[in-house]
Amino acid sequence: MLPVSVFIIAKNEADRIGPTIRAVRGLTDDLVVVDSGSTDGTQGVAEELGARVVYNPWPGYGLQKRFAEDQCRHDWLLNLDADEEVSPALLAEIKALFAQGEPPCQAYGIRIAETFPGEREPHPLAYRVAPVRLYRRDAGRYSSSLVHDRVDLAPGTKIGKLKGLVHHRSVRSLGDQLAKLNSYTDQQAVDLEVRGVSIPTWRVYFEFPAAFLKAYFGRLHFLRGTYGFLIAMNYATWRHLRLAKHYERKRLSALAKANSRTGERKETISG
């Protein structure tokens, strides 16, 4: 066992969290699942596989991962989502990293590759990102953002990169993906308002086609056939809804302010 705590946030992931836990339970003696109120038996699946399950009401992505960090016992932390599975190559790479003692860097980026339904492993040219997921707790913490789950590292932190992959099985079905993304846009619209960010209205007209082209060609979804096309359409719909809801919130806020000013003027005149 390595001096690494693994933490996972989850809600209603009974069908996906099993492979996630099995892939890493030989890595750590401290595997933490923070559940925000599952009703499908996620907690039982996790506990049966050796995880320590902690309940915390949903506060937002970044804040939930911060809470999970605080539940861990070790100084080194590895974060996985409930729909992610560490590949055997990455598992061996992490073990080798600690084989000689303390790793040379304080944080490591890990490549995460999209894996579509029906695929045993990612396409060789699957879209992938490489966020920091393995890090010392004194080198950084997850952002407190409602929607962004990134690790904010201390200045001067030495960052390494691992070569092995995490298989990201984020899509249960096209409908489930669209419902999840639609819910996510609600939180994004609120987050933009809270942060005082105003996106120009003209982007509403171009966001859908631009996002589709980004996913279909930029992320090479065209290599995945018809399913890749449909995933690109869902991605574009998500980006469009994000801006549409942001615009709607700005519009309603402006109308409320205008009505308030009108009411104040009427009171002044009648007074």
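Every read-out reported here was derived from the displayed coordinates using simple, explicitly stated rules and does not represent laboratory data. From a predicted model like this one, the values you see are computed outputs, not experimental measurements. Note that each Cβ is placed from the backbone with ideal geometry, even for glycine, and that neighbours are counted across all protein chains shown.
Quick look at the values:
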item	result
For the chain, size of Cβ-based charge dipole, Lys and Arg +1, Asp and Glu -1, in debye	1100 debye
Per DSSP, loop trypsin sites (Lys or Arg not before Pro) in the range 44-120 with at most 16 further Cβ within 10 Å	ARG73, ARG120
Zero-based 10 Å bins, Cα pair distances in the chain, whole percents	6, 24, 31, 23, 9, 4, 2, 0, 0
Stokes-Einstein D for the range 174-270, Kirkwood Rh over Cα pairs, 20 °C, 1.002 mPa s (µm²/s)	140 µm²/s
For ARG52, residues with placed amide H under 5 Å, excluding near neighbours	LEU31, VAL32, VAL33
Sorted by Cβ density within 10 Å, fewest first, the residues GLU121, GLU207, GLU84, GLU193	GLU121, GLU193, GLU207, GLU84
Acute angle (nearest 10 degrees) that the helix 203-213 long axis makes with the longest principal axis of the chain, alpha-carbon atoms	30 degrees
Additional length obtainable on full extension of the chain from HIS148 to ALA130, 0.36 nm per residue less Cα span	5.0 nm
Size of electric dipole in the range 54-200: Cβ of Lys, Arg +1 and of Asp, Glu -1, about Cα centre, debye, nearest 20	380 debye
Summed side-chain charge close to ALA179 - residues other than ALA179 whose Cβ falls under 14 Å, Lys, Arg +1, Asp, Glu -1	+1
Virtual spin-label span in nm between SER253 and THR226, 7 Å along Cα→Cβ	4.3 nm
Charge-dipole axis of the chain as Lys and Arg at +1 and Asp and Glu at -1 on Cβ define it, positive-most pick from LEU252, GLY160, PRO200	PRO200
Helix 225-270 vs. the chain, principal-axis angle (Cα, 0 to 90°, nearest 10)	40 degrees
Relative contact order for the chain, counting Cα pairs under 8 Å that sit 6 or more residues apart, in percent	16 percent
The range 133-271: relative contact order as a whole-number percent, Cα under 8 Å and 6+ apart	22 percent
C-alpha long axis of helix 174-194 to longest principal axis of the chain, angle in °	60 degrees
Footprinting exposure proxy for TYR127, TYR61 (fewest neighbouring C-beta atoms within 10 Å first)	TYR127, TYR61
Exposure proxy ranking, count of Cβ atoms within 10 Å, fewest first, for GLU13, GLU102	GLU102, GLU13
For the range 1-71 and the range 74-95, distance of Cα centres in Å	13 Å
Largest-first principal axis extents of the Cα set of the range 11-66 (Å)	30, 24, 15
Cα-projected label distance for ILE159 with ALA99, points at 7 Å along beta-carbon direction, nm	2.7 nm
Positive-end extreme of charge dipole, the range 174-270 - chosen from GLN187, PHE212, LEU230 (charges on Cβ)	PHE212
Shape of the range 58-137, Cα gyration tensor, a/c cut at 1.5	oblate
